[in-house]
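Remarks on the structure that follows.
Values quoted throughout were computed directly from the atomic coordinates according to the rules given, and no laboratory measurement underlies them. Please read these numbers as outputs of a predicted model, since none were measured by experiment. Reconstructed Cβ throughout: ideal geometry from the backbone, glycine too, with neighbour counts over all protein chains shown.
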Amino acid sequence: MIQLNNVTKIYPNGAKALVDVNLRISKGEFVFLVGPSGAGKSTLVRLLFREEVPTRGQVTLNGRNLVRMREREVPLLRRTIGVIFQDFKLLPNKTVIENTGFALEVLGVPAKEVQARTRSVLDMVGLSHKTRAFPGELSGGEQQRVCVARAIINNPALLVADEPTGNLDPETAWEIMDLLYNINKRGTTVIMATHAKDIVNQMKKRVIAIEKGRIARDEEKGAYGYEL
Amino acid sequence: MKRKGLTGMSFSSAQYILRETLNSLKRNPWLSVASIVTVMVSLVILGFSAFFLANASNMANMFESQVEIAAFAQTNLSQSEVLALEDRIKSMPQVASVELVTKDQALLEFGQSLGGKKGDLLSDLGGTNPLPDKLTVKANDPQEVAGLAAELTKLPGLETVSYGQGVVDKLLPFTRWLRWLGAVVVGAFTVASLVLISINIKMNVFSRRREIQIMKLVGASNWFIRWPFLVEGLILGWVGGILAALIVGLGYRWLADYVQMTLAFLPMVQNSALFWQVLFGLIFAGMAIGAVGSAFSLRKFLRV
């Protein structure tokens, strides 16, 4: 499903974020990206939804070449990918239901359908009782649930998460992981960059460790492997 | 999802865009007011400089149209020779018009101005008319007056050719300067208003950059993001344009009346077609500036 061939990313300031990375991820996999801060995890994640374009090499997603992709095709790509952020990226002046439905509204989905799908997805993440609340009135875990709901409302084939539990306490983090686990069970590929050692060790999923822009380790049912 | 073409428009999208526009106007009422005032002030200045340009150019035209060449025929020419001379001058390419005042007419007018009766003056002068036939020549372009006068001097049958050399030589640089000044004023204020307005729109876009970023990340097309800003810019520009047109329209009317009463020798342009053109131009310019300015300021933020 995802393929990276000899991908190198050098930022304009000269920082080498990724060096000659080769990677293949199949449909339905659950993959942890681990490694020290600044190792290139976030850059790799950003390549997948084309927030960044590699300096050299090719990135393919579902047979589509993301490097040669034209600018106006990018929105179409992003509609097939759900993205979850460490800082949630919710709009403060929109309610829970508006924030979630946003992802459908920008695609021109009729209001009725937006309503129905938003309710069902908020039900799934356990927020059906707080649809009228604003993000500021929610706890961190609840905000992240809204973010997850927004990411999966389009039934994406791929869910990308950049440190989704980074701002949450361990218990709330596990609630989010349960959500991601269930989403993955239903066939969505999940790629998650994280520093959460306990989560990685207990989930026993594929672990890809990145150090200084290179893949240092790639194990099925792996462990976090870093002592902090 | 099916594709909705380049602009990403459908009925629900149009609804969304309208709602977003209204929300944004409600959410930042002071930014909206600031934008309207900026557009208004810029357009008021622009409108008045347009009228200044029109008046400057009108005044220059008027001064220049008064420049004419007086050519006097030799007194021994017959009536038909004078008429032939007139035709010859008319056929010259630089000539706009020729007006012939025959010696008889001139004598008549002269006599009337002295208060005498017809024929009296002629007999007093001993039966001969000392006045020459006069040809008043106007050039197509006032700049060519000097050259034309020189050419006329060479024509056989013409005696004296004069065009008020001193006045023309001073007047022409002045009118040229007047037109330039008008154009420079309009140009400078156009640039200034564009800068002011684009700063304002950038603030608006900047205050919503987070929203734009999220829209990009969930796969909104660029046009879908652009539309609410365009509509908002259009509305703000339209309101600003109307206010500016009111101020400029009423202001110019008042100014024109005032000048007419106090400085009657200073002609103000009172062309109502031009008047409405400028006012509607202001409204249209407001809308265009608002919409184009929004789209332009967005470009940077759409590259996510």
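A few points about this structure:
- In the protein assembly as shown, the convex hull through the Cα atoms has an average projected area of 38.2 nm², a quarter of its surface area.
- Cβ charges +1 (Lys, Arg) and -1 (Asp, Glu), total dipole of chain B, debye: 3200 debye
- Among beta bridges that DSSP assigns inside the protein assembly as shown, antiparallel share in %, nearest 5: 65 percent
- Check: region B:68-162 dipole with +1 on Lys, Arg Cβ and -1 on Asp, Glu Cβ, in debye: 100 debye
- Distance cut-off 25 Å, percentage of C-alpha pairs in chain A lying past it: 40 percent
- Remark on chain B: ratio of C-alpha radius of gyration to 2.2 N^0.38 Å is 1.64.
- Convex hull per residue volume in Å³, alpha carbons only, for region B:73-231: 226 Å³
- Relative contact order of chain A, taken over Cα pairs closer than 8 Å and 6 or more residues apart, is 28 percent.
- When only the Cβ of Lys, Arg, Asp and Glu is charged (+1, +1, -1, -1), the dipole of the protein assembly as shown relative to its Cα centre reaches about 3360 debye.
- Eigenvalues of the alpha-carbon gyration tensor of region B:68-162, scaled by 5 and square-rooted, set the equivalent ellipsoid semi-axes at 28, 14, 10 angstrom, largest first.
- Of A:K130/A:K205; A:K130/A:K185; A:K41/B:K216; A:K41/A:K89; A:K94/A:K185; A:K16/B:K202, those spanning more than 23 Å from alpha-carbon to alpha-carbon: A:K130/A:K205; A:K130/A:K185; A:K94/A:K185; A:K16/B:K202
- Spatially close lysines, pair count over region B:68-162: Cα under 21 Å, gap of eight or more or interchain: 11
- Neighbour-limited loop hits for trypsin sites (Lys or Arg not before Pro), region A:62-91 (at most 14 other Cβ within 10 Å; DSSP other than H, G, I, E, B): A:R68, A:R70
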